[in-house]
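First comes the structure, then the notes that go with it.
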Amino acid sequence: MMLSTFALALCSIAMAQASTPPNKRSLVLPPENGQFDYQLGGEYTPPPGTQIVVRDRTASPAPNIYSICYINAFQTQPDETAWWKANHDTLLLRNADNKYFEDSEWPGEVFFDTRTNETRTAIAGVLNGWIDGCAAAGFKAIDPDNLDTYTRSKGLLTKTDNLALAKLIADHAHTLDIAIGQKNCAELGAEGKTTVGFDFAVAEECQAYEECGAYTDVYGASVLEIEYTDSKDSQKVFQDACKSRSSVILRDRKLAALGKRGRCHRRSSNRASGIRKRDFATFLRALYPSYEDVISGGFTFSEEEWISVLKLSTIWGIQKLRDQSIDMLSGITPVQKVILGRAHQVRKWLLDGIAECVRNRSKTIDGLLQLGLETAFKVLWIRDQCATLHGLSFNPKGLQFKLSLLKCADCMERYYTEGPAWSCGSCNRSIGVDDADAITLSHGQCEWMDGKEHIRIDPPNMQCTSCALPVLPSGRRVRCPRCNSKGELMEFILEGRADLATLVLEEFGDEIMDSTVELQPR
């Protein structure tokens, strides 16, 4: 490997040495078009096929299901109002008569006073503590209710102030790798996403009020929709919603618990919204092969067509077709593995793709940026941790290192731990075992062994920094003092200090969610 190929490593190692490791960010959004359940009236085992569950912050996440933690972020819960009055009375909104401003639709719930930076910061301090609890419990996202109190406060509250509080809790949630949803407020348009940083939306009665487009225009298929039975023509509203979107549920307004009187719970059975006709046609061909396909012994699908089959077989849970698609797409690039692995929950692709991006130093910044800036930076950071040794440094002429870092390429034992120093074969400069600036490496071959990156060195490429000539001129013999295996000019190894599998799982483990997959060195 020529010296110029060290350039990317030099740049990113400098960044890594100048700062702490990147924040571990593995924020995961709710599955698009996922079947969901809204369990605020009490938790129970979700129906089969449920991919998303919303539960109160006092409940536990649903096992093996994407769970969203509900918090009442802009007004009190009825059973907590007394606590707020006793502990944070100044954070509660009062009207001109100095009376608590209660929600007219939900008696006993008092609005929070978001009008000053001081009160917003104090309110966020309480809410962020709840979010900490949600994260510790294992929830993946937050559903902060009643963002729209400014529309019901008779002019006391403003949109700007409520969004400012929302941003405080959204920023905190993101530091914990927790997604956060915009609850209602269709009038915000894209402002909720761009100003606050909301990641998805939870929309109540958007079909009934003809507002759903305001959410899907911004959040696409990442919209969870709740329609209620007490709305006018609620059954028709629900049916119309299900024709257009998948993540739709019909509930009773009081969200009665399982087995309670008045409970209503219906989910959309539409799993085909947002699916392209071309994808569906390809999927049908894979599901029902033609006579020609059977005679020829298989499909002649393109890569794009197999991706279509993978997409729909994942949505509809057809495991055999999904497995076949994964097998047929085994030759995709590392970047594609990461992108498609994330999109279609192929965990091994995600793990292998990231690992291959780390290994492949020819992968350019532009190529890595297809994964997103954050992922690209984390790949570079892992790459540097695998390659960097204590005692290495760069100068304009190459890589400098100590003789004590060298290993024999045959027995992999350290060549020098103590003993006499070398002398340059060209200028006779004395070189100590721990002399950090005496030798410069002009060429080297990077390779992976046992999950670490190593640099294989041909001795003539080690130059003396004093005379700029080879430390070991051609013909000078070096014998390993440990294995004594070579009398000719031998090769050395510089070993990386960090294990690739460990670092990938540390940085992306929450997203991969399967630490049992082994990373085999290549």
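The values are calculated or read from the model by the stated rules, or taken from the named source; none is laboratory data. Remember, predicted model here, so these are calculated numbers, not experimental data. Using ideal geometry, Cβ is built from the backbone for each residue, glycine included, and neighbour counts are taken over all protein chains shown. Just so you know, the surface numbers come from the protein's heavy atoms only, side chains and all, with ligands and any DNA or RNA stripped out. Shrake-Rupley method; radii C 1.70, N 1.55, O 1.52, S 1.80 Å.
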Seminar exercise, completed: Filtering segment 303-361 for residues that are among the polar types (S, T, N, Q) and closer than 14 Å to ASP279 by Cβ leaves a count of 4
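For every residue, the table says whether it meets (1) aliphatic (A, V, I, L, M); (2) touching a Gly at 6+ places or on another chain (Cβ under 9 Å).
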residue	(1), (2)
LEU321	yes, no
GLN324	no, no
LEU329	yes, no
THR333	no, yes
LEU340	yes, yes
GLN345	no, no
LYS348	no, yes
VAL358	yes, no
Problem set entry | Residue check, LEU27 within 33 Å of the chain's Cα centre (by Cα) and touching a residue at least 24 places away in the same chain (Cβ under 8 Å) | yes
Exercise. Is at least one residue of segment 197-209 open to solvent by 50 Å² or more (accessible area, probe 1.4 Å), modelled with pLDDT of 95 or more and farther than 25 Å from PHE238 by Cα?
Worked result: no
Exercise. Within the bounds of segment 343-363, is there any residue that is among the hydrophobic types (A, V, I, L, M, F, W, C), buried (at least 20 other Cβ atoms within 10 Å of the Cβ) and in a loop (DSSP other than H, G, I, E, B)?
Worked result: yes
Exercise. Would a scan of segment 366-388 turn up a residue that is part of a helix (DSSP H, G or I), open to solvent by less than 70 Å² (accessible area, probe 1.4 Å), at pLDDT 80 or above and polar (S, T, N, Q)?
Worked result: no
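Just one of THR194, THR175, THR229 is open to solvent by 30 Å² or more (accessible area, probe 1.4 Å) and without any contact (Cβ under 8 Å) to a residue 24 or more places away in the chain; which is it? Give the derivation first.
Values: THR175 fails: without any contact (Cβ under 8 Å) to a residue 24 or more places away in the chain; THR229 fails: without any contact (Cβ under 8 Å) to a residue 24 or more places away in the chain.
After ruling out the rest, the residue left standing is THR194.
Residue by residue, here is whether (1) hydrophobic (A, V, I, L, M, F, W, C); (2) free of Cβ contacts under 8 Å to residues at least 60 places away in the same chain; (3) open to solvent by less than 60 Å² (accessible area, probe 1.4 Å); (4) assigned to a strand (DSSP E or B) holds:
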| position | (1), (2), (3), (4) |
| --- | --- |
| THR90 | no, yes, no, no |
| ARG115 | no, yes, no, no |
| ALA122 | yes, yes, yes, no |
| GLY133 | no, no, yes, no |
| LYS154 | no, yes, no, no |
For this session: Scan segment 59-76 for residues that are in contact (Cβ under 8 Å) with a residue 12 or more places away in the chain and within 21 Å of the chain's Cα centre (by Cα) and report the count.
Result: 7
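Consider segment 194-203. How many of its residues are touching a Lys or Arg at 6+ places or on another chain (Cβ under 6 Å) and in a loop (DSSP other than H, G, I, E, B)? Can you show your working first?
If we filter segment 194-203 for residues that are touching a Lys or Arg at 6+ places or on another chain (Cβ under 6 Å), which is where we start, we get 196, 202.
From what's left, in a loop (DSSP other than H, G, I, E, B): none.
Counting residues in segment 194-203 that are touching a Lys or Arg at 6+ places or on another chain (Cβ under 6 Å) and in a loop (DSSP other than H, G, I, E, B) gives 0.
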For this session: Would you mention how many residues in segment 204-226 are touching a residue at least 12 places away in the same chain (Cβ under 8 Å) and assigned to a loop (DSSP other than H, G, I, E, B)?
Result: 9
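Considering GLU43, GLU109, which residue is at pLDDT 95 or above, of a type outside the set (A, V, I, L, M, F, W, C) and more than 30 Å from ARG383 (Cα to Cα)?
On the way: GLU43 fails: at pLDDT 95 or above.
Being at pLDDT 95 or above, of a type outside the set (A, V, I, L, M, F, W, C) and more than 30 Å from ARG383 (Cα to Cα) holds for just one of GLU43, GLU109, which is GLU109.
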Problem set entry | Evaluation of ASP79 against (1) exposed (fewer than 14 other Cβ atoms within 10 Å of the Cβ); (2) touching a residue at least 60 places away in the same chain (Cβ under 8 Å); (3) closer than 27 Å to ILE226 by Cβ (one fails), failing number | (2)
For this session: For segment 178-191, enumerate the residues that are open to solvent by 20 Å² or more (accessible area, probe 1.4 Å) and in a helix (DSSP H, G or I).
Result: GLU187, GLU191
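Go over the candidates GLY220, GLY197 one by one and state the one that is closer than 18 Å to LYS159 by Cα and out of contact with any Cys (no Cβ under 8 Å at 6 or more places or on another chain). Steps first, answer last, please.
Working: GLY220 fails: closer than 18 Å to LYS159 by Cα.
Just one listed residue meets the conditions, GLY197.
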Exercise. Using beta carbons and a limit of 7 Å, which pairs, at least six apart or on different chains, have the first residue in segment 453-467 and of a type in the set (Lys, Arg) and at pLDDT below 75 and the second one open to solvent by less than 10 Å² (accessible area, probe 1.4 Å) and in a loop (DSSP other than H, G, I, E, B)?
Worked result: ARG456/GLY444
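For residues in segment 232-255 being part of a helix (DSSP H, G or I) and touching a residue at least 24 places away in the same chain (Cβ under 8 Å), which is most open to solvent (accessible area, probe 1.4 Å)?
Keep residues of segment 232-255 that are part of a helix (DSSP H, G or I), which gives 234-244.
From what's left, touching a residue at least 24 places away in the same chain (Cβ under 8 Å): 234, 237-238, 240-244.
Details: SER234: 15, VAL237: 22, PHE238: 5, ASP240: 41, ALA241: 0, CYS242: 22, LYS243: 152, SER244: 70 Å².
Filtering segment 232-255 for residues that are part of a helix (DSSP H, G or I) and touching a residue at least 24 places away in the same chain (Cβ under 8 Å), the one most open to solvent (accessible area, probe 1.4 Å) comes out as LYS243.
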Exercise. Which residue pairs have Cβ atoms closer than 6 Å, lie 6 or more positions apart in sequence or on different chains, and pair a first residue in segment 301-322 that is open to solvent by 40 Å² or more (accessible area, probe 1.4 Å) with a second residue that is assigned to a helix (DSSP H, G or I)?
Worked result: GLU305/THR282
